[in-house]
Amino acid sequence: MHKRLFIPGPTEVLPEVRAKLTIPPVGHRSAEATALGRSVVGKLQRLLHTESPVFLSTSSSSGLMEACIRNGSLKRFLAAVSGAFGDRWYQMARLNGKPADALEVEWGTALRPGRLREALSTGRYDAVLVTHNETSTGVMNPLEEIAAVVREEFPDVFLFVDAVSSLAAVDLDFDALGLDALLAGVQKALAVSPGMAIMAVRERAVERARQVENRGFYFDFVRHYDAFQKRQGITTPSLPHMAALDLQLDRILEETMPVREARHRAMADRTRDWARERFALFPEAGYESITLTAVRNTRGIDVSDLNRRLAERGAVISDGYGRLKGETFRIAHMGEIRLEEVDELLGWIDEILELSG
Ligand SMILES: *Cc1c(COP(=O)(O)O)cnc(C)c1O
């Protein structure tokens, strides 16, 4: 039996979108492939309210995180670390031999614009890495305020944003935020099967990249920019993923982002109310994610045990991430999941744990 995914990625994929993964291969330099590339890029630009270049990558999101590391700085990165994914970005900089410092934020709390201002005021950095929605802690960082500080007070510092678990749940305006890059995999709120990632990039980030040495091959901004202009891949792309994404983007744009965001908010509200009554929330108040709820495991429940019982009903939730395993558990309400399904899940958990509000 298929277990419905209430985990923060991968998420449920609609059957008609999944069916696109079986399209027959065509040449990746063919007119059909180029037309598909043009279509997907155009829809992603609409989704992000931008005409900036959009890169398509046959990799998971982490590949494009590494791309930002390889291309994004001529001086020193500042990585905001408020959880495991922020830490991944910081470690990537180190592993690639790039100068970088971590701006440590207590896990479960949000990055405050004031702390960023203080760090950037040192003049040490020309690029900052921010995780919008920290999937490991369930905290959504205040991106608008963060972006305003960088854009208005440090216009020469480039801002790279991991929006892996927020894009297509939060209505993100790439140009208004003034970002230099925003990346996401397709398997989270975009709700496509895993295997592809996308990134909007501002032209000035491509210009800077031209000056960066040893950008490598697969994640070179300049090479991707040239491919973008031809609406083709840098190498052989996964056209089936592009076809699936193309259809799913139609559905997202048809639902419209304001409606989609409101749907995510409603699911988050419901899950938070449930969690507050029976457990407690892990994130600090006011910064809870709208795509997943991280619950403080105040009753010391065995999450694997709970998942075994949920499996019998055809659902699965997530344990805490990394060092938060056991201490927290996570219920995702992301992508194509609906409020009625969240209600059904919460009812099952009550039944299994013999809880009531
Ligand atoms: C899932 C996730 C990633 C990693 O994504 P992959 O596609 O597995 O590489 C990175 N950042 C955040 C915030 C995530 O939620």
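Worth pointing out:
- Cβ-Cβ under 9 Å pairs, at least 6 apart or on other chains, the stretch 306-333 side over 19 Å from Arg276 (Cβ atoms) and assigned by TED's automatic domain parsing to the domain that holds Ile290, far side among the small types (Gly, Ala, Ser) and assigned to a loop (DSSP other than H, G, I, E, B): Asp319/Gly326; Tyr321/Gly83; Tyr321/Ser136; Gly322/Gly83; Gly322/Ser136; Arg323/Ser136; Gly326/Gly300; Gly326/Gly320
- Within the stretch 169-181, the set of residues being within 13 Å of the ligand (Cβ to nearest atom) and part of a loop (DSSP other than H, G, I, E, B) comprises Ala169 only.
- Restricting attention to the stretch 1-20 and to residues that are more than 16 Å from the ligand (Cβ to nearest atom), of a type in the set (A, V, I, L, M, F, W, C) and part of a loop (DSSP other than H, G, I, E, B), the residue that is modelled with the highest pLDDT turns out to be Leu14.
- Boolean, Ala184 is outside any loop (DSSP other than H, G, I, E, B) and under 16 Å from Ser62 (Cβ atoms): yes
- Applying the condition of being in a loop (DSSP other than H, G, I, E, B) and in contact with an Asp or Glu (Cβ under 8 Å, 6 or more places away or on another chain) to the stretch 313-328 and asking which residue is modelled with the highest pLDDT yields Gly320.
- Those residues of the stretch 110-152 which are assigned to a strand (DSSP E or B) and under 24 Å from Ala294 (Cα atoms), in sequence order: Leu129, Val130, Thr131, Asn133, Glu134, Val139, Met140
- Scanning the stretch 21-65 for residues that are assigned to a helix (DSSP H, G or I) and within 16 Å of the ligand (Cβ to nearest atom) returns Ser61, Ser62, Gly63, Leu64, Met65.
- Among the residues making up the stretch 257-277, those that are in contact with an Asp or Glu (Cβ under 7 Å, 6 or more places away or on another chain) and either under 16 Å from Leu190 (Cβ atoms) or modelled with pLDDT under 95 (or both) are Met257, Glu261.
- The set of residues from the stretch 19-47 being basic (Lys, Arg) and surrounded by fewer than 15 Cβ atoms within 10 Å (Cβ to Cβ) comprises Arg29, Arg38, Arg46.
- Any hit, the stretch 178-198, residues being within 13 Å of the chain's Cα centre (by Cα) and either surrounded by fewer than 17 Cβ atoms within 10 Å (Cβ to Cβ) or not assigned by TED's automatic domain parsing to the domain that holds Gly108 (or both): yes
- Residues within the stretch 66-109 that are in a helix (DSSP H, G or I) and among the charged types (D, E, K, R), tallied: 5
One line per residue, one yes/no per condition, for (1) under 30 Å from Leu111 (Cβ atoms); (2) modelled with pLDDT of 95 or more:
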residue	(1), (2)
Glu255	yes, yes
Gly286	yes, yes
Thr298	yes, yes
Arg330	yes, yes
Met334	yes, yes
Glu340	no, yes
Asp350	no, yes
Glu354	no, no
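- Unmet requirement for Ala209, which otherwise passes all of (1) touching a His at 6+ places or on another chain (Cβ under 8 Å); (2) in contact (Cβ under 8 Å) with a residue 40 or more places away in the chain: (1)
- Residues satisfying the stated conditions in the stretch 204-236, i.e. of a type in the set (Gly, Ala, Ser) and over 20 Å from Asp175 (Cα atoms): Gly216, Ala227, Gly233
The values are calculated or read from the model by the stated rules, or taken from the named source; none is laboratory data. Since the structure is predicted, the reported quantities are computational estimates derived from the model, not experimental observations. Methodologically, a virtual Cβ is constructed for each residue, glycine included, from the backbone with ideal geometry; neighbour enumeration extends over all protein chains shown.
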